[in-house]
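The structure under discussion appears below in the form of structure tokens.
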Amino acid sequence: MRSRYGDRHSKRKQNIVLNSLIGIVLAVILVLVANIFFFGDSPEQTVSQDQQTAQSDTNEESNSSEDAVTSDEADSEDSESNNSKSADQDSTDEESAEEDKTKEENKDKEKEDKEDEQAEQKPGEPNLEGPWEPVGTSQSKSENHASSYDKGSVDWNEKLRAVESVTGFPPEDMVVHWLGGNGGPQKSKATVSQKGVNDTKYYVELEWVDEKGWKAVSATKK
């Protein structure tokens, strides 16, 4: 009797132990299943995702660094381009200023040369080569100038002054052989000689310059 009872008691204990172990295993399985269901990824997947996130951050930093370098290079190129344009503009401005200065110097030199030539012409000495300048006028300074061939008129006397700029001798020392038109209302031609030297005649062509008077444009002598 005692032996049967003991066997039963022993089996009961074994069953309790087995059932406890089974319950523990089931509890662990439930915990794992719940972990996967509620938190999604497994530990290995979580580690992989962390690695991917870190790699993505590294790539973003790398791209940002590359973009910054590219931007710096672009800014540097723009700056060099702007500096080059500025230098070219400065060079162009300097060349333009130098050209203007050269033109002014040439004008001044031409003016001085004309003045020297006129100064070299002595009273009574002809100047058949020019250049000649308008002799000025006391007439109305308008475009409606009317040429006059009345001896002793203002226009007549101003024509003789223009002839004087060629021949070198004044009207009172001048013999006027002919003074008349020369193919236009503002063009004249004169044939003169110096008193006492009638064998030398001067042929002078004149042209009216508005507001400046008569000017010799051509001269020959025979």
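Ranked from highest to lowest mean number of other Cβ atoms within 10 Å per residue, what is the order of the peptides 18-29, 195-206?
Numbers: 18-29: 10.0, 195-206: 15.4.
The peptides rank, most packed first, as 195-206, 18-29.
Take the Cβ-Cβ distance between F38 and K11 as r, set R0 to 30 Å, and report the resulting FRET efficiency rounded to the nearest 0.05. Given R0 = 30 Å and the Cβ-Cβ separation, E is 0.15. Distance between the 7 Å Cα→Cβ label points at E125 and N182: 2.4 nm.
With 29 Å as the limit on Cα-Cα distance, the pairs of K101/K187; K103/K212; K109/K222; K103/K159; K107/K195 that go past it are K101/K187; K109/K222; K103/K159; K107/K195.
One chain, two ends: L30 and L18. Fully extended at 0.36 nm per residue, the span grows by 2.5 nm beyond their Cα-Cα distance.
Read the figures in this text as sums done on the coordinates, not as results from a lab. Just so it is clear, the model here is predicted, and its values are computed rather than measured. Counting neighbours? That spans all protein chains shown, and the Cβs are built from the backbone with ideal geometry, glycine included.
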